[in-house]
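What follows is calculated from the coordinates using simple rules that are stated; it is not laboratory data. Predicted, not measured: the structure shown is a model, and the values here were computed from it. Backbone-built Cβ (ideal geometry, glycine too); neighbour counts: all protein chains shown.
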Amino acid sequence: MGAKLSGSGGGKYSVEQNSEINVTPFVDVMLVLLIIFMVAAPLAAVNVKIALPNAVAKPATNPPKPVYISIQPGGRLFIGDFPTDLAELGDTLRIQLGDKRSPEKERIYIRADRDVMYGDFMGVMNALQDNGFYSVALVGEDKKD
């Protein structure tokens, strides 16, 4: 808002409020931006005509289903939903992965209860390494605020 200090109406020192918005500078800026975009848009487009060759690559396959090992308190082990034990862990993993997936490149996700003993956890890690599974990820729960 602006104040009117002189002019018609009232005395020499009367102050009136002017509540009209001057949109002329806003319109000027918008027109300048419009002209800039109208000039710049055609320059950004590629106008060179070429004949592209056909793509011969096979489409990407879906990523493999992740393998989860769950450790419950007391040392009970599960691969997915199926119970197993530490001695059979490597063989059971190989059976579940099948022949198409190699243990060296396969990522194994470990979910462990917060009350699991460190020795039980390290036993699973050692069994995985002994059987050639070197890519291991630990799964945690997101903190809720």
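Around the Cα centre of segment 67-138, unit charges on the Cβ atoms of Lys, Arg, Asp and Glu (plus for the first two, minus for the last two) sum to a dipole of about 280 debye. Extending 7 Å from the Cα toward the beta-carbon at both Tyr68 and Asp142 defines two label points whose distance is 1.5 nm.
Beyond a 31 Å Cα-Cα separation, which of these cross-linked pairs lie in this structure: Lys65/Lys143; Lys58/Lys105; Lys58/Lys143?
Violating the 31 Å Cα-Cα cut-off are Lys58/Lys143.
Projecting the Cα atoms of Leu77, Leu89, Val67 onto the dipole axis of segment 67-138, where Lys and Arg carry +1 and Asp and Glu carry -1 at the beta carbon, places Val67 farthest toward the positive end.
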